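Notes follow once the structure below has been shown.
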Amino acid sequence: MRIRRLLILAAPAILMAQPQAPNVNDLKTFLGLTDAQVTQLRELRQQERQALRSVVQQVAEKHRALREALQAGSTDATALGQLLVDIQNLRKQIQSTNENFRSQALALLTADQKAKLAQLEAAAKLAPAIRQAAALNLLAPPAGAGFGLGLGRLGLGLGPEAPAAGMMGVGPAMRMRRGR
């Protein structure tokens, strides 16, 4: 519950932070994007962040007001309900804005690029099954994804999802490899 609260409080900062432009070389190659298309897509993303800035701040303010009202012991169902309705309406506004900018981004692609993008969408739906297969060592993890043992989620201290060094110590598998 505490993590959820932290995420709710941090969401506006996370969403509105000016992220470093991600490396899109693999996507650029796969879709055959031009430098101009990449620039336009990045500009659209920036415009979307600007368009959503005040709405995201409003969501954070409503969440804060709701939390404070509940912590103060408010039993005013009308006021609490209105805050929830306001939050939901703002979320719908965010979703609508996202869909609008996504449509604009898709309009920048050629028909061939859209067909290749459909392949990526289909592959993305397989991501949970791929992670599960890698966790059972049925698939090799992608290059550069850690130790490649697929044991991180099992709490053995290995693999890309292993806890940071020092947080949980060395897992049993690492002790076995070291001969302990």
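Local charge sum around LEU80 (other residues, Cβ-Cβ under 13 Å, Lys/Arg +1, Asp/Glu -1)? Please report the intermediate quantities before stating the final value.
Values: positive: LYS62, ARG67; negative: GLU68, ASP76, ASP86.
Charge balance in the 13 Å sphere: -1.
Shown for PHE30, PHE101: other C-beta atoms within 10 Å of each C-beta, ranked fewest to most, produce the order PHE30, PHE101. With the highest mean first, a sort of the peptides 118-130, 53-65 on other beta-carbon atoms found within 10 angstrom per residue produces 53-65, 118-130. If R0 is taken as 41 Å, the Cβ-Cβ distance between ALA115 and ALA51 corresponds to a FRET efficiency of 0.90.
The numbers here are math on the coordinates, done by the rules we state, and not lab data. Note that the coordinates shown come from a computational prediction; the quantities given were computed from them, not determined experimentally. We place every Cβ from the backbone using ideal geometry, glycine too, and count neighbours over all the protein chains shown.
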